[in-house]
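Scroll down for the structure; my scribbles are underneath it.
Bear in mind these aren't lab numbers, they're just calculated from the coordinates by the rules spelled out. Quick caveat: nothing in here was measured; it's all calculated off a predicted structure. Because the Cβ atoms are built from the backbone with ideal geometry, glycine has one as well, and the counts that use them run over all protein chains shown.
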């Protein structure tokens with residue numbers, strides 16, 4: 001998929017997600033990257049709302065995986081309800097669903113990463129296979145959604 005078509009498709013998808021989840025705050029990849037680099041700011045708790053197979057290929061450093069289908073919110077029992085939490089998935093839909101559930105449980109500072117890990121990767125931002133081994137590869141989810149990810153970042157799935 002050409003870059004301009006990919007960019008347009010991702011913009012339309014982000015608009016769809018924003019309209020589908022109007023009460024979920026969105027954070028851009030630029031804002032999130034700056035936040036992670038700002039040691040003066042309270043760092044967010046980062047949740048990866050993708051499958052175990054997707055997470056195993058790559059994730060944002062320090063991200064904890066949460067099942068997007070049946071999220072185990074007890075894993076967040078030690079997290080204060082006013083702690084900032086950033087949730088992401090491949091493109092932002094599954095993470096918006098998880099963010100909405102967290103809001104319903106009383107968490108007040110929830111942000112969905114707009115464009116998800118695909119946009120993060122397309123912008124050549126840092127990803128890790130585990131917290132110590134950098135990688136540029138991303139699980140493409142499937143053949144259709146993977147078109148939103150530049151082919152040079154596709155991991156074999």
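Quick one: Cα centre-to-centre distance for segment 84-157 and segment 1-34, in angstrom?
Result: 11 Å between the Cα centres.
Fewest to most neighbouring Cβ within 10 Å: what's the order for 7, 95?
7, 95
Rounded to the nearest 5, what % of the DSSP beta bridges within the chain are antiparallel ones?
20
Which angle from 0 to 90°, rounded to the nearest 10, does the C-alpha axis of helix 93-104 make with the longest principal axis of the chain?
Helix 93-104 sits at roughly 10 degrees to that axis.
Helix 3-20 versus the longest principal axis of the chain: what is the Cα-based angle in degrees, 0 to 90, to the nearest 10?
For helix 3-20, the angle is close to 30 degrees.
Which of 65, 50, 104 comes first, and how do the rest follow, when ranked by fewest Cβ neighbours within 10 Å?
Fewest to most other Cβ atoms nearby, the residues stand as 104, 65, 50.
Grab the alpha carbons of segment 3-153, take their convex hull, and tell me the volume per residue in Å³.
Normalising the Cα hull of segment 3-153 by residue number yields 108 Å³.
Can you sort 89, 152 so the residue with the fewest Cβ neighbours within 10 Å comes first?
The order, fewest Cβ neighbours first, is 152, 89.
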